[in-house]
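All remarks here apply to the structure that follows.
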Amino acid sequence: MEFSLQLSSDYPDKSYGGDRVYRDMLDQAIFADKLGYDAVSITEHHLMNCLMMPAPLQFVVKIAAHTNDIKIMTSIVVLPLHDMRTYAGEVVVADIFTEGRLMLGVGRGAFKYEMERLGVPMEETQARFNESLDVLQALLTKEEVSWDGAYYKFDPITIMPRPVRPGGPQMMMAVLNPEGIYHCTKRGFHIQTTPLSGNHQLLIDQVGSFNRAKDETVESGKDLTLSLSRVGFVAQSQSDQRSKMEAASRYYSRFDNVFTGPGLVDNGMVRPLPREQSVEELAESLLVCTKAEMIDKLGPYFDLGIDRVIMNMNFETDPQEVLDSMQCFAEDVMPHFTKRTKSVTAAERRHG
């Protein structure tokens, strides 16, 4: 089982500065590369301070210039917000500049606030995503592509430069529904999912659908992977665990607002809203715990055959504490599940 770090751009205080937020994320990516994490991942969100990353492909290239081995995933980019006729070329260029380390994770968008303010009604996101994905794949695999669909109509075009890899970079689909996982896997996509609020039966169903599709595709699907996204943090003590859970609860009071709530955003700042779920109840569904508890909680994922766990350690947490958690996780937890880990000395860390 491999491990990725989600470079979550949480920005609860405007006075901190966007430049410092992205510097912190870059520091995390460089450190993750040194520690032997398999990948870092970047999401795409606009017009808000929660998961703030309006230019994921630009940041992918920046990370590649400062790291050596680590894979760089977009998880996810929101296809309905882009014009595939220009975006396909941007993807090819990013794949070239990252020297093949890019994995393009795609999705339809989940935050009504940003989607509708950018001109995409939520009830159209699935249809727009489906057509956008078909157009993107066609442009990455063929020349002189023309289209006559519901959202795209154009005469024959050929994107330039042509992809270095046939069909462009590996593609990963963000999907929760087990049946959707089955069909996306059958189409040859890597999968990223999450068990939502720690629903273990849902996770079993998600893994089962993925494995069923892989078994049916036989040779063509043997290299496909299933990634699981989780909020997690290695706490140093019980009191530290409680403090981090309180921070996670504050983070979710904003996240829920734009994910499932009314989408109340004031001058770019997502408004925190009261949550019915207690801190104790939230703790049951997150991986915020001591390193011994973390090993126990990751065990079932390993037993299920999850290929990669994507850890989001940044939720109103101090940047230095994120680096500390990353190192503790890499040196004390990851060796139980993977042989990829490396040890980083204090000197290497200071001069990273």
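The values are calculated or read from the model by the stated rules, or taken from the named source; none is laboratory data. If you're wondering where the values come from, they're calculated on a predicted model, not measured in any experiment. In this analysis, Cβ positions are derived from the backbone assuming ideal geometry, glycine residues included, and neighbour counts consider all displayed protein chains. For the accessible areas, the whole protein counts, side chains as well, though only heavy atoms, and no ligand, DNA or RNA atoms are used. Shrake-Rupley method; radii C 1.70, N 1.55, O 1.52, S 1.80 Å.
Taking θ as phi - 60° and the Karplus parameters 6.51, -1.76 and 1.60, the scalar couplings of segment 253-260 work out to 5, 8, 4, 4, 4, 9, 8, 10 Hz in sequence order, x denoting glycine and proline. Expressed in units of 2.2 N^0.38 Å, where N is the residue count, the Cα radius of gyration of segment 233-291 is 1.23.
In a Debye calculation with equal point scatterers on the alpha-carbon sites of segment 1-86 and no solvent, what is log10 I(q)/I(0) at q = 0.14, 0.25 Å⁻¹? With one equal scatterer per Cα and no solvent, log10 I(q)/I(0) is -0.48, -1.25.
Ordering of 278-289, 33-44 by packing is 33-44, 278-289, highest average first (other Cβ atoms within 10 Å, averaged per residue).
Apply the a/c threshold of 1.5 to the C-alpha gyration tensor of segment 38-91 and tell me whether it is rounded, prolate or oblate. It comes out oblate by the Cα gyration axes.
Among 96-108, 290-302, sorting by the average number of other beta carbon atoms lying within 10 angstrom of each residue, highest first, gives 96-108, 290-302. Full extension of the segment from Phe97 to Glu331, taken as 0.36 nm per residue of separation minus the current Cα-Cα distance, would add 81.2 nm.
Cross-link list Lys71/Lys222; Lys71/Lys112; Lys14/Lys62; Lys214/Lys244: which exceed 28 angstrom alpha carbon to alpha carbon? Exceeds cut-off: Lys71/Lys112; Lys214/Lys244. With only Cα atoms counted, segment 126-187 has Rg and Dmax values of 13.3, 37 Å. Summed over the residues of segment 290-340 and divided among them, the accessible surface reaches 42 Å² per residue at a probe radius of 1.4 Å. Rg and Dmax of the chain, based on Cα coordinates, read 19.8, 62 Å.
Here the 3J(HN,Hα) profile of segment 229-241, calculated from phi with Karplus coefficients 6.51, -1.76 and 1.60 at θ = phi - 60°, is 9, 9, 7, x, 6, 8, 7, 8, 7, 5, 5, 5, 4 Hz, Gly and Pro shown as x.
Per-residue ellipticity at 222 nm computed for the chain from its helices equals -13500 deg cm²/dmol, with DSSP H segments shorter than 4 residues left out and the rest contributing -39,500 (n - 2.57). Checking every one of the GluC sites (Glu not before Pro) in segment 144-249 against DSSP loop status and a limit of 15 other Cβ atoms within 10 Å picks out Glu144. Carbon-plus-sulfur fraction of the accessible area of the chain, 1.4 Å probe, in percent? The computed percentage sits at 50.
Dividing the convex hull volume of the alpha carbon atoms of segment 74-191 by its residue count gives 106 Å³ per residue. Taken per residue, the accessible surface of segment 132-262 reaches 47 Å², heavy atoms only and a 1.4 Å probe. In this structure segment 1-116 gives 33 Å² per residue of accessible area when probed at 1.4 Å with all protein chains present. Protection proxy ranking for 122-132, 311-321, using the average of other Cβ atoms within 10 Å per residue and placing the highest first: 311-321, 122-132.
The ratio of the alpha-carbon radius of gyration of segment 165-285 to the globular-protein estimate 2.2 N^0.38 Å is 1.33.
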